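Trainee: Sending over a structure as structure tokens; questions will come in a sec.
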Amino acid sequence: MMSIRFYLAMFISRASFYILKIFGKNASHFPGVVAQKICPDVLKYLEAPEIIVAVTGTNGKTTTTNMIVDFLAYKKVDFVSNTSGSNIEGGIISSLLRSTSFFGKNKKDLAVFEVDERASVHIFPYKKPDILLVTNLGSDSYKRNAHVEYIFSILESSIPKTSHLLLNADDVISSNLCKNNRRSYFSIAPQIFEEQITDSIIQDAPYCPICNGVLTYKFKRYHHIGNANCETCGYKLPKIDYEITEINDTEFKIVENNTIYSYKNKTGNITDNYNKLAAISTLRQLGYQHSEIKASFDEDVFKVTETRYDISLINGKNIISILAKGQNPVANSRVFDFIRKQPDWGSITLVFMNEESNHSYHINEVENTSWQYETDFEYLDHPNIKKIYCMGNRNLEVKTRLVLAGIDESIISLLDPSPILDIEFTTDSVILLHDTTNLDQVKVFRKTLEAEAAK
């Protein structure tokens, strides 16, 4: 039976939507926080659609969720999602407030929620996903997530036994979640253009999850992602349900049940293709045919979110912004590896503004810089990188790590936190490495660089 606190929460939180809109604010998180403050178990009473899809994991969950949502919008499905809000309780509750009647009755056919790994323990008891996609698990923010085994244990205890899991077979960690749950696996076969990356300092899973023997790799894509096996107990890659077998400049091919399906492709970037495969696997699990999903690719429904990666070419100059999640060793290492493999970008200027540059009022947020020493800064010791700017309250720590990575100190400059970007644009490309916290600052800096390039 619903309590008076629930009805009070409905009245005040819904009123906050209108107040926030009057002031031009995004009402995608705060109303949910208000509702939960008044009624801590509000998730119990807010109805959700009959089918719930949840997406979690260390990296790729936002992009993959956006792709699933883009497809559902393309198919004109009446769904609710938190893509415009946060992936913790407040964002989920705010989304459900928008998709229900005043008294919390559901009005949608389907829900797609991006869920923070740590928030799963607070969300899944009330809203159990029918399909749960786990993109991957790896090193993340030390402050929030401690160690990958800690996050694994949270998910292991919070995932409902009724959820059908979609897991990355190439990830020796997440692929072993909740072994009694129904599951399907996705994977990308080694590509002819790929080289094994064995020079990473990140080693999240050196030992077999079954017998603790030392793992060996038939193919090591990066970190602990690849085709791992254990010579002691025989552990190996699980049976794959959805596999990308070939990637080229125009298409990628997926094999399901021994049948090949070709999809339009614009990038050979493996990270992007993992996200595409994860989204396709989820849509297949929802019952959509490959022909339907393929049509959405042909019509360019799926797009890389510009807040994650954006490039513009002006007068032969590249202005590039890339999300490099602050305090996330794997995410930054993947970005650094991507940069060193782009010969078409010519000479490069790098601007570090991910996390450190935007916390002048919250300096303690970046006190722990130890994540930098588990990040492959060595990848930036490349002849094409001509200039590096370190911006922010912790710019000296970034410079120190770069020097320890073998990078010539003479090409490194320090910038204090600033609302403007005043640098020399003398290279073929300028790359802004930013975090999710300073997207508005990135837009300002891009406009400055675009104006300079247009001269």
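The values are calculated or read from the model by the stated rules, or taken from the named source; none is laboratory data. Quick caveat, the model's predicted, so the values are computed rather than measured. Here the Cβ is made from the backbone with ideal geometry for all residues, glycine too, and neighbour counts use every protein chain on show.
Trainee: Name, by its number, the condition in (1) assigned to a helix (DSSP H, G or I); (2) in contact with a Gly (Cβ under 7 Å, 6 or more places away or on another chain) that does not hold for Gly85.
Mentor: Every condition holds for Gly85 apart from (1).
Trainee: Same structure, new question: Taking region 229-254, which residues are of a type in the set (A, V, I, L, M, F, W, C), at pLDDT 95 or above and within 23 Å of Ile280 (Cα to Cα)?
Mentor: Of the residues in region 229-254, the ones of a type in the set (A, V, I, L, M, F, W, C) are 230, 233, 237, 240, 244, 247, 252, 254.
From what's left, at pLDDT 95 or above: 230, 233, 240, 244, 247, 252, 254.
Answer for region 229-254, where residues must be of a type in the set (A, V, I, L, M, F, W, C), at pLDDT 95 or above and within 23 Å of Ile280 (Cα to Cα): Ile240, Ile244, Ile247, Phe252, Ile254.
Trainee: Determine whether region 176-193 contains at least one residue that is on the phi < 0 side of the Ramachandran plot, touching a His at 6+ places or on another chain (Cβ under 7 Å) and exposed (fewer than 13 other Cβ atoms within 10 Å of the Cβ).
Mentor: Yes, region 176-193 contains a residue that is on the phi < 0 side of the Ramachandran plot, touching a His at 6+ places or on another chain (Cβ under 7 Å) and exposed (fewer than 13 other Cβ atoms within 10 Å of the Cβ).
Trainee: Continuing with the same structure: Which members of region 256-283 meet the condition of being touching a strand residue (DSSP E or B) at 6+ places or on another chain (Cβ under 7 Å) and charged (D, E, K, R)?
Mentor: Step one: filter region 256-283 for residues touching a strand residue (DSSP E or B) at 6+ places or on another chain (Cβ under 7 Å), giving 256, 260-265, 268, 270, 273-274, 277-278, 280-282.
Those that are touching a strand residue (DSSP E or B) at 6+ places or on another chain (Cβ under 7 Å) and charged (D, E, K, R): Glu256, Lys264.
Trainee: Quickly run through region 135-158 and pick out the residues that are at pLDDT below 95, over 14 Å from Asp116 (Cβ atoms) and surrounded by 17 or more Cβ atoms within 10 Å (Cβ to Cβ).
Mentor: Gly138, Ser139, Val148
Trainee: Go through the residues of region 255-263 one by one and say whether even a single one is in contact (Cβ under 8 Å) with a residue 40 or more places away in the chain and in the same structural domain as His164 (by TED's automatic domain parsing). It would help to see each step written out before you state the result.
Mentor: Of the residues in region 255-263, the ones in contact (Cβ under 8 Å) with a residue 40 or more places away in the chain are none.
No, region 255-263 has no match at all.
Trainee: To continue, here is another question. Being over 21 Å from Arg340 (Cβ atoms), surrounded by 19 or more Cβ atoms within 10 Å (Cβ to Cβ) and modelled with pLDDT of 95 or more, is that true of even one residue in region 205-222?
Mentor: Pass one, region 205-222, residues over 21 Å from Arg340 (Cβ atoms): 205-218.
Retained after the next criterion (residues that are surrounded by 19 or more Cβ atoms within 10 Å (Cβ to Cβ)): 205, 208, 215.
Keeping just the survivors that are modelled with pLDDT of 95 or more gives 208, 215.
Yes; the residues of region 205-222 include at least one that is over 21 Å from Arg340 (Cβ atoms), surrounded by 19 or more Cβ atoms within 10 Å (Cβ to Cβ) and modelled with pLDDT of 95 or more.
Trainee: Return the total of residues in region 50-68 being over 14 Å from the mean Cα position of the chain (by Cα), within 24 Å of Leu177 (Cβ to Cβ) and surrounded by fewer than 24 Cβ atoms within 10 Å (Cβ to Cβ). Full working, then the answer.
Mentor: We begin by selecting, within region 50-68, every residue over 14 Å from the mean Cα position of the chain (by Cα); these are 50-53.
Subset that is within 24 Å of Leu177 (Cβ to Cβ): 51-53.
In the following step, the residues that additionally are surrounded by fewer than 24 Cβ atoms within 10 Å (Cβ to Cβ) were identified as 51-52.
Within region 50-68, residues that are over 14 Å from the mean Cα position of the chain (by Cα), within 24 Å of Leu177 (Cβ to Cβ) and surrounded by fewer than 24 Cβ atoms within 10 Å (Cβ to Cβ) number 2.
Trainee: Identify, please: which residue in region 61-82 is touching a residue at least 40 places away in the same chain (Cβ under 8 Å) and assigned to a loop (DSSP other than H, G, I, E, B) and is, among those, nearest to Val121 (Cα to Cα)?
Mentor: Asn82
For (1) more than 28 Å from Asp272 (Cβ to Cβ); (2) surrounded by 19 or more Cβ atoms within 10 Å (Cβ to Cβ), each residue gets a yes or a no:
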residue: Asp70; (1), (2): no, no
residue: Ser86; (1), (2): no, yes
residue: Glu89; (1), (2): yes, yes
residue: Phe103; (1), (2): yes, no
residue: Glu114; (1), (2): no, yes
residue: His122; (1), (2): yes, no
residue: Pro125; (1), (2): yes, no
residue: Leu133; (1), (2): no, yes
residue: Thr162; (1), (2): yes, no
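Trainee: Which of the numbered conditions does Gly226 fail, given that it passes all the others? Conditions: (1) at pLDDT below 95; (2) under 30 Å from Tyr373 (Cβ atoms); (3) surrounded by 14 or more Cβ atoms within 10 Å (Cβ to Cβ).
Mentor: (1)
Trainee: Mind telling me which of the residues Leu421, Leu402, Leu396 ends up being surrounded by 17 or more Cβ atoms within 10 Å (Cβ to Cβ), over 17 Å from Ile339 (Cβ atoms) and in contact (Cβ under 8 Å) with a residue 12 or more places away in the chain?
Mentor: Details: Leu402 fails: over 17 Å from Ile339 (Cβ atoms); Leu396 fails: surrounded by 17 or more Cβ atoms within 10 Å (Cβ to Cβ).
Only one candidate passes the filter, namely Leu421.
Trainee: What's the total number of residues in region 230-242 that are surrounded by fewer than 18 Cβ atoms within 10 Å (Cβ to Cβ) and farther than 16 Å from Asn136 by Cβ?
Mentor: Counting residues in region 230-242 that are surrounded by fewer than 18 Cβ atoms within 10 Å (Cβ to Cβ) and farther than 16 Å from Asn136 by Cβ gives 6.
Trainee: Anything in region 325-352 that is within 19 Å of Phe425 (Cα to Cα) and aromatic (Phe, Trp, Tyr)? List them, or say none.
Mentor: If the condition is that a residue be within 19 Å of Phe425 (Cα to Cα) and aromatic (Phe, Trp, Tyr), then Trp345, Phe352 are the ones that fit.
Trainee: State all residues of region 424-455 that are exposed (fewer than 13 other Cβ atoms within 10 Å of the Cβ) and under 21 Å from Ile385 (Cβ atoms); if no residue qualifies, say none.
Mentor: Across region 424-455, the qualifying residues are Glu424, Thr426.
Trainee: Here's a check for you: in region 190-238, which residue that is of a type in the set (Ser, Thr, Tyr) and under 21 Å from Phe377 (Cβ atoms) is nearest to the chain's Cα centre (by Cα)?
Mentor: Here is the first cut: in region 190-238, the residues of a type in the set (Ser, Thr, Tyr) are 198, 200, 207, 216-217, 222, 232, 235.
With the extra rule that they be under 21 Å from Phe377 (Cβ atoms), the set shrinks to 198, 200, 222.
Values: Thr198: 23, Ser200: 20, Tyr222: 16 Å.
Checked region 190-238; the qualifying residue nearest to the chain's Cα centre (by Cα) is Tyr222.
Trainee: Residue under question is Ile411, and the condition is that it be within 20 Å of Arg340 (Cα to Cα) and surrounded by 19 or more Cβ atoms within 10 Å (Cβ to Cβ); does it hold?
Mentor: Working: within 20 Å of Arg340 (Cα to Cα): yes; surrounded by 19 or more Cβ atoms within 10 Å (Cβ to Cβ): no.
The answer is no for Ile411.
Trainee: Please go through region 313-335 and give me each residue that is closer than 18 Å to Ile201 by Cβ and either surrounded by fewer than 21 Cβ atoms within 10 Å (Cβ to Cβ) or among the charged types (D, E, K, R) (or both), ordered by number. Don't jump to the end; show me each part of the working.
Mentor: Step one: filter region 313-335 for residues closer than 18 Å to Ile201 by Cβ, giving 324-325, 327-335.
Scanning region 313-335 gives Lys325, Arg334.
Trainee: Return the residue satisfying two criteria in turn: it lies in region 378-418 and is in a loop (DSSP other than H, G, I, E, B) and of a type in the set (Asp, Glu), and of such residues it is nearest to Gly346 (Cα to Cα).
Mentor: My answer is Asp381.
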